[in-house]
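Before any comments, here is the structure.
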Amino acid sequence: QVQLVESGGGMVQAGGSLRLSCAASGRTFSSYVVGWFRQAPGKEREFVAAISWTASRTYYADSVKGRFTISRDNAKNTVYLQMISLKPEDTAVYYCAAARRVVPGKTRNDYDYWGQGTQVTVSS
């Protein structure tokens, strides 16, 4: 069992930056792949980024490539999402998710554990 808690959301102006954190409980967190998803009002939850156990593989949605960076510190049981050059269309609730699998997935069904989300609001 893994419990996930997101933090770091907030309100920023367009062009600004935020770093989200996903803190996990559990001694075997290093064997979980982790993904970030987001959901804007009235829209489906969409994939943002994902990272493998050892951080050797990372995956990004086209809409965030070059602006967002996912990383993890297994010693701290934490995964990060560094976001720069934020745009109003990045406004959403951001969720982290975890799963015990080899390759990170890009769909909601690929993940078994979810956090409660953190709000990111980007003003123009």
Some residue of segment 16-32 being surrounded by fewer than 17 Cβ atoms within 10 Å (Cβ to Cβ) and more than 22 Å from Asn77 (Cβ to Cβ): yes
Conditions (1) touching a Phe, Trp or Tyr at 6+ places or on another chain (Cβ under 9 Å); (2) closer than 28 Å to Ser124 by Cβ: number failed by Thr91: (1)
Failed item, numbered, when Thr54 is tested on (1) farther than 11 Å from Gly35 by Cβ; (2) of a type in the set (Val, Ile, Thr); (3) surrounded by 15 or more Cβ atoms within 10 Å (Cβ to Cβ): (3)
Residue list for segment 4-21, restricted to those being of a type in the set (S, T, N, Q) and more than 18 Å from Val93 (Cβ to Cβ): Gln13, Ser17
Entirely in segment 1-104, the strands (runs of 3 or more DSSP E) that have 1 or more residues that are in contact (Cβ under 8 Å) with a residue 60 or more places away in the chain: 4-7, 10-13, 18-24, 33-39, 46-51, 78-83, 92-99
Filter result for Asn109 (without any contact (Cβ under 8 Å) to a residue 12 or more places away in the chain and either farther than 16 Å from Ser7 by Cα or open to solvent by less than 10 Å² (accessible area, probe 1.4 Å) (or both)): yes
Flag if Ser31 is polar (S, T, N, Q) and closer than 17 Å to Met83 by Cα: no
Condition check for Tyr95: within 11 Å of Val33 (Cβ to Cβ) and modelled with pLDDT of 95 or more: no
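The values are calculated or read from the model by the stated rules, or taken from the named source; none is laboratory data. Quantities reported herein were computed from a predicted structural model and do not represent experimental measurements. Virtual Cβ from ideal backbone geometry, glycine too; neighbours counted across all protein chains shown. Just the protein is used for accessible areas: all its heavy atoms, side chains included, with ligands, DNA and RNA removed. Shrake-Rupley method; radii C 1.70, N 1.55, O 1.52, S 1.80 Å.
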